[in-house]
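**Q** The structure under discussion is supplied below as C-alpha cells; questions concerning it will follow.
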C-alpha cells in the first residue's frame, strides 16, 4: 500500500484550515491542521510523517516567517509553502529567499491548492481525486 501524502496546514482561520483539509482529503491525502505556529511546532516535533507544510504568513503572535525559520533548522527536508492575502511580489521573493517553496495567494480555489501542493512536492500519482462509490 502506497503511503499517503501528509500535509500540515497552519492558519488561525478555522474556516480556511477546514476548507484546505477537505480539499486535500478528497485527493487521498492526510491532513493535519494547526491554529498557530506554536501548535504547528508541537505537531512537527511529535510527528515525522508530515511531508509538506502550508502556513499562513500573518497570524496573531508568532507568524509564518518564524515557522519557516524553525523548519529550516529542525526539519530541513520538509518543504514549506506559504499562504498570504498580501498581493505584493516582494512577499513571494522574500519567501523563496527565506526557503519557502512558493507562495499561494489567497483567496484560492481547490484546484489552485492542489496544483500548488502537487507542483512543490513533485508528485502527480498519489495525489489523484478519490473515486466516489
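The values are calculated or read from the model by the stated rules, or taken from the named source; none is laboratory data. It should be emphasised that the depicted structure is a prediction, and the values quoted were computed from it without experimental measurement. With ideal geometry, Cβ positions are generated from the backbone for all residues, glycine too; neighbour counts draw on all protein chains shown.
**Q** Under 9 Å between Cβ atoms, which residue pairs at least 6 apart in sequence (or on different chains) link something in segment 63-91 that is touching a residue at least 60 places away in the same chain (Cβ under 8 Å) with a partner that is assigned to a loop (DSSP other than H, G, I, E, B)?
**A** Sorted first by the residue in segment 63-91, then by its partner, the pairs are 83/11; 83/57; 83/106; 83/108.
**Q** Please specify each residue of segment 55-74 satisfying the condition of being closer than 19 Å to residue 103 by Cβ and in a loop (DSSP other than H, G, I, E, B). Break it down into steps so the answer makes sense when it comes.
**A** Let us first name the residues in segment 55-74 that are closer than 19 Å to residue 103 by Cβ, namely 55-59, 62-72.
Residues satisfying the conditions are 57, 58, 59, 62, 63.
Yes or no, residue by residue, for (1) assigned to a loop (DSSP other than H, G, I, E, B); (2) more than 18 Å from residue 119 (Cα to Cα); (3) at pLDDT 95 or above:
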| residue | (1), (2), (3) |
| --- | --- |
| 15 | no, yes, yes |
| 20 | no, no, yes |
| 28 | yes, no, no |
| 33 | no, yes, yes |
| 38 | no, yes, yes |
| 41 | no, yes, yes |
| 45 | no, yes, yes |
| 48 | yes, yes, no |
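**Q** In segment 107-133, how many are surrounded by fewer than 16 Cβ atoms within 10 Å (Cβ to Cβ), in a loop (DSSP other than H, G, I, E, B) and modelled with pLDDT of 90 or more?
**A** Looking only at that region, the number is 2.
**Q** Of (1) modelled with pLDDT of 95 or more; (2) closer than 19 Å to residue 107 by Cα, residue 86 satisfies all except one. Which?
**A** Of the numbered conditions (1) modelled with pLDDT of 95 or more; (2) closer than 19 Å to residue 107 by Cα, the odd one out for residue 86 is (1).
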